[in-house]
Amino acid sequence: MGNSSKDGSGGGSGGDNSSGRDPPTRTFSEGEKVLAYHGPRIYEAKVQKTEVRKNEWRYFVHYLGWNKNWDEWVGADRLLKYTEENIMKQQALEKKQGIDRNPKSGRLTQHKPKISAATKGKKRKNDAVTEKDNVVAEKLVKIQIPSTLKKQLVDDWEFITQRDKLVKLPRSPTVDDILTSYLEHKSKKDATVTDSVGEVLKGLRCYFDKALPAMLLYRKERQQYKEAVAATVSPSTIYGAEHLLRLFVKLPELLVQVNIEEETLTRLQQKLVDFLKFLQKNQSTFFLSAYEGFKASEGKGKRKEDRD
């Protein structure tokens, strides 16, 4: 990639620079390896293009090891220099969230330190752990999320973490309503599948109710959860499609912990993909187009925690 030509085009987009102000200093360069925030996690990425928009630098990044569908323009606030200090920050964040590997590739995402004489004795043990991780990765159910739903996930993250907005609760339709609607949809096509599909939906509901408070909420949503969900109430009767979709990002990691035969796993994968297509088909009905503003009571005392 020719940096000089791209630099010129970046600075040349100063048509947005009508205010007469000089564009800010560019922080990252084309071809530079960086660390990028996407949702609550930090990923390795590469800057592919740079340009000035509305008097600020924007960077087009590719997340290493991920499909090009995830490539996007981001601001400097989403990027970190690829330094030892920031790699440690990435590792600490993943450890805090209980994430040991990239769920797509199965590879460890943590930075590998240089092997010193003191650590050589542990190499064999570490190799065994890596081998175990690779075996586990092979068993991961691959769930292809349609591109329009991927965008929904990104918009969902942005509404909550960047714009201080929340999904208004209780939702309508709820997760229970959506699962019931899908079962009715399938039984109309083929009444004989009702039992098998019903079992899968029952499992999804159970996973959702348990996973929501543990791994499907952003920090800014926790207070809302405490206020909206009583001890005797199932989250699936309060929350809707926005949070249900998040479950499908975590499902491969959850299902790998269950001892399921390969043939059964393949059939399950097909059913889950079919359910996602149903969500996609009804996207405008099931998902909110806008979230409500952050309530003051939920915001107080939380902002520092969100920045930590």
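The values are calculated or read from the model by the stated rules, or taken from the named source; none is laboratory data. If you're wondering where the values come from, they're calculated on a predicted model, not measured in any experiment. Neighbour counts run over all protein chains shown; Cβ positions are idealised from the backbone, glycine included. Note: areas computed on protein heavy atoms with side chains; ligands, DNA, RNA excluded. Shrake-Rupley method; radii C 1.70, N 1.55, O 1.52, S 1.80 Å.
Relative to its residue count, segment 32-98 spans a Cα convex hull of 93 Å³ per residue.
At 0.36 nm per residue, minus the direct Cα-Cα distance, what do TRP70 and LYS142 gain on full extension? Give it in nm, one decimal, please. Can you show the working numbers first?
On the way: separation 72, 0.36 × 72 = 25.92 nm, distance 1.66 nm.
Here the segment from TRP70 to LYS142 would lengthen by 24.3 nm.
The mean of 1/r over all distinct Cα pairs in segment 147-293, once inverted, gives the Kirkwood hydrodynamic radius of 16.0 Å. Backbone geometry of segment 175-181 corresponds, through the Karplus equation with coefficients 6.51, -1.76 and 1.60 at θ = phi - 60°, to 3J(HN,Hα) couplings of 4, 4, 4, 5, 5, 5, 4 Hz, x marking Gly and Pro. Loop-located trypsin sites (Lys or Arg not before Pro) in segment 31-102 (DSSP state not H, G, I, E or B) with no more than 16 neighbouring Cβ atoms inside 10 Å: LYS54. Length available on full extension from GLN91 to GLN257: 0.36 nm per residue minus the Cα-Cα distance, which gives 57.5 nm.
When the convex hull of the Cα atoms of segment 240-292 is projected onto a plane and the area is averaged over all directions, what value comes out in nm²?
Numbers: hull surface 17.1 nm².
Approximately 4.3 nm², given one-decimal rounding.
Each label point was placed 7 Å from the Cα along the Cα-to-Cβ direction; for LYS202 and LYS54 their separation is 5.1 nm. Among the protein heavy atoms, those of ASP164 account for about 30 Å² of accessible surface (1.4 Å probe, every chain in place).
For segment 154-166, the Karplus equation 6.51 cos²θ - 1.76 cosθ + 1.60, evaluated at θ = phi - 60°, returns couplings of 5, 4, 4, 4, 5, 3, 7, 7, 9, 10, 6, 10, 10 Hz by residue, with Gly and Pro reported as x.
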